[in-house]
Amino acid sequence: MIGKIERLNLRDLWKHEALDFTTWLEGNIEILSEIVGFPINDVQREKSTGNFNVDLIGSDRNGNNIIIENQLEKSDHDHLGKIITYLSSIGEKIVKKKIYQSLTPYINIKMTLSRILEMN
């Protein structure tokens with residue numbers, strides 16, 4: 001059966017980012033793996049980094065940790081700050097930020113962080 005594709009408000013599907021969306025993504029990580037083009041293994045939800053919890057943390061096929069900071073709305077400095085905090089706490093070289101709207105204001109920052117991480 002062919003149906004009509006309709007645009008949905010993500011908050012109608014997942015009322016609470018941490019309780020609803022993060023839990024759903026943890027159980028459906030293969031969807032994100034397909035989008036990013038590599039498997040994400042051993043996923044843990046709300047893993048402690050000391051004073052803060054990472055939404056999801058997994059590993060790639062080489063055992064490198066992957067930090068996933070979820071965000072259902074437009075990207076903002078709060079979530080970018082969280083990623084930087086997680087990097088300093090966990091010391092990982094791979095960061096994936098799954099968002100659903102444009103990252104335009106943060107593309108240069110993300111590229112700079114990637115270059116800094118590659119140098120380390």
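Side notes on the structure shown:
- Amide H contacts of ILE66: GLY58, SER59, ASP60, each under 5 Å away and 5 or more positions distant or on a separate chain (H built 1.01 Å from N in the peptide plane; Pro and chain starts excluded).
- Proximal aspartates and glutamates to LYS15, defined as alpha-carbon separation beneath 20 angstrom and excluding residues fewer than eight positions away on the same chain: GLU6, GLU26, GLU46, ASP55, GLU69, GLU73, ASP76, ASP78
- Amide H partners (placed H, <5 Å) of THR49, local residues excluded: VAL54
- Summing charges over all other residues whose Cβ lies under 12 Å from the Cβ of TRP14, with Lys and Arg as +1 and Asp and Glu as -1, gives -2.
- Across region 76-89, rounded Karplus estimates of 3J(HN,Hα) from the backbone phi angles (6.51 cos²θ - 1.76 cosθ + 1.60, θ = phi - 60°) give 9, 5, 4, 6, 4, x, 4, 4, 4, 4, 4, 4, 5, 6 Hz, Gly and Pro being marked x.
- Take 24-34, 49-59 and order them by the average number of nearby Cβ atoms within 10 Å per residue, most first; the result is 49-59, 24-34.
- ³J(HN,Hα) computed for each position of region 46-52 - Karplus, 6.51 cos²θ - 1.76 cosθ + 1.60, integer Hz, glycine/proline x: 6, 6, 6, 10, x, 8, 10
Any read-out appearing in this document is the output of simple, stated calculations on the displayed coordinates, not a laboratory observation. All values reported here derive from a predicted model rather than from experimental measurement. All Cβ positions, glycine included, derive from the backbone under ideal geometry; neighbour counts span all protein chains shown.
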